[in-house]
Amino acid sequence: MMTAGLVISIVLIVTMALGRVVSADHSWGNYHWARTTSSFNLIVVNSTTDEWDPFVAAAVADWSQSVVLDLVDDPTGSTSSKDRRQCRAPDGRVRICNLAYGYTGWLGVAGISIDVSGHIFKGYTKLNDSYFSLAYYNTPDWKQSVTCQELGHNVGLDHQDEDFNNTSLASCMDYQDPPFPYANAHDFEQLESIYAHADSYDSYAGGDDGGGGSGTCDAPPGKGCNKA
């Protein structure tokens, strides 16, 4: 069932700029999907165009190595420019989109909506072709890393680290250049910790409508946003 009521939209901006070091515990504010079972299937509505399909498929497969969740690629998402700009997430699902969103300071942005019980009940990821059309970012590793990272946010993970100048943690949840395209063991351990308990209802099963993502910075209190 879905929990109806107040919706709080939370947006996390991901950019490639120098930042702070974050805790080894990289849960994103304890946000998670409610579920009554030890593992669950989360549908990712794929509204990306053809050139992004391999990166979405690889990220979905990567995160599905977790013992607590499986991402399921739904290839039927609309790829109209209007729908990709809005990137509205259906209740109970994540939508992933690409478009030239402009030189906003972010390569990718992930947003989640929270129900009155504090659980995620929908999310979106936007991949910014304004930057990925540039030679520097138009590489498989950059595209894979950002896709992986944004979907990681959609299931409740924060960055492991936001300092480009230290040793790479070999995770897509770490800021690094060159980027790393996949999750690492600590990411999966963190997911196990986040989803170690069962809830009284499922927030990942729901209808066909949902709010959109503006791509603006409206992070949780104390979180802040990272600008290019």
Problem set entry | Residues (at pLDDT below 95 and within 14 Å of the chain's Cα centre (by Cα)) located in the stretch 89-106 | 89, 106
Problem set entry | In the stretch 119-137, residue surrounded by the fewest Cβ atoms within 10 Å (Cβ to Cβ) [restricted to those that are assigned to a loop (DSSP other than H, G, I, E, B) and touching a residue at least 12 places away in the same chain (Cβ under 8 Å)] | 133
Problem set entry | Options 208, 163, 202; residue that is farther than 23 Å from residue 52 by Cα, modelled with pLDDT of 95 or more and not in a helix (DSSP H, G or I) | 202
Exercise. Do we find that residue 67 is within 15 Å of residue 184 (Cα to Cα) and more than 15 Å from the chain's Cα centre (by Cα) in this structure?
Worked result: yes
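The values are calculated or read from the model by the stated rules, or taken from the named source; none is laboratory data. All figures in this text were calculated on a predicted structure; none of them were measured in a lab. Every residue, glycine among them, receives a Cβ derived from its backbone with ideal geometry; neighbour counts consider all protein chains shown.
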